[in-house]
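Some notes on the structure that comes next.
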Amino acid sequence: MNEPKVVHLFQREDHLAPVNVPMQTAYEIEQFLYAEAELLDAWKFRDWLALMAPDVHYWAPVRENRLAREMEREMYPPGTAAHFDENLHMLGERVNRLYTNMAWSETPPSRTRHLVSNVRVHKTGQADEFDVQSSFHVYRTSNERHQDSVIGKRFDRLRRANTRYGFQIAQRTVVFDMATLLVKNLSLFY
């Protein structure tokens, strides 16, 4: 079986091109992303995990502050420093750990709100796959007074699938807006 080609959209020139999919397809993909956010906020992580394709690559590169002339090097490339770099098995381990009640970073469980916006959908070379970029804001509260916000952009490769939600995530690159994450942990999913 061929290894899936990893496409990191923040390196593509055409990600700003006009959306080139039918309005119905764009709507279906937006609804998929909103349903994903609801699953995460409801702590339905096993249902969320079912949204992942078997060959999923879920990755968040480390980002550095760079001078304007060095902006193309602000993201660490694949295979180097990352906040997380996971496949389906690794995501499954993280999800299962949250259900053990031994994930101390989530005791008591955080309350979250995943907001998704600025969704842009593009065709790929495959009829059943779409490149999707979206902005996100994850607001989290825990204990009595702790709260934080994580904001960024996601670059997804979505694949049509015969599932409840109609798509699966084959790739996700999470690009945090901040170079230094001022959160206690990255136990959540983005």
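The values are calculated or read from the model by the stated rules, or taken from the named source; none is laboratory data. The model shown is predicted, which means the values in this text are computed figures rather than measured ones. Note that we place each Cβ from the backbone using ideal geometry, even for glycine, and neighbour counts take in every protein chain shown. Heavy atoms of the whole protein, side chains included, go into the accessibility calculation; ligands, DNA and RNA do not. Shrake-Rupley method; radii C 1.70, N 1.55, O 1.52, S 1.80 Å.
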Which residues, counting only those in the stretch 44-87, are touching a strand residue (DSSP E or B) at 6+ places or on another chain (Cβ under 8 Å) and aromatic (F, W, Y)?
-> Y58, W59, Y76, F84
Members of the stretch 134-156 found to be open to solvent by 10 Å² or more (accessible area, probe 1.4 Å), modelled with pLDDT of 95 or more and either touching a Ser or Thr at 6+ places or on another chain (Cβ under 6 Å) or closer than 12 Å to I169 by Cα (or both), listed by number | S135, Y139, K153, F155
Considering each of A60, A82 in turn, give the residue that is in contact (Cβ under 8 Å) with a residue 24 or more places away in the chain and surrounded by 16 or more Cβ atoms within 10 Å (Cβ to Cβ).
-> A60
Among (1) modelled with pLDDT of 95 or more; (2) under 22 Å from H57 (Cα atoms); (3) part of a strand (DSSP E or B), F84 falls short only on (1)
Can you find even one residue in the stretch 135-145 that is among the small types (G, A, S), without any contact (Cβ under 8 Å) to a residue 60 or more places away in the chain and within 22 Å of M75 (Cα to Cα)?
-> yes
Please state which one of R46, R113 is touching a His at 6+ places or on another chain (Cβ under 9 Å), open to solvent by 70 Å² or more (accessible area, probe 1.4 Å) and touching a residue at least 40 places away in the same chain (Cβ under 8 Å).
-> R113
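Residues are listed down the side, and each one gets a yes or a no for (1) among the charged types (D, E, K, R); (2) modelled with pLDDT of 95 or more; (3) closer than 20 Å to V183 by Cβ:
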| site | (1), (2), (3) |
| --- | --- |
| N2 | no, no, no |
| K5 | yes, no, no |
| W48 | no, yes, yes |
| A53 | no, yes, no |
| H57 | no, yes, no |
| E70 | yes, no, no |
| M75 | no, no, yes |
| M102 | no, no, no |
From (1) modelled with pLDDT of 85 or more; (2) under 14 Å from the mean Cα position of the chain (by Cα), pick out the condition that doesn't hold for F10.
-> (1)
Selection status of R159, touching a residue at least 40 places away in the same chain (Cβ under 8 Å), open to solvent by 30 Å² or more (accessible area, probe 1.4 Å) and assigned to a strand (DSSP E or B) = yes
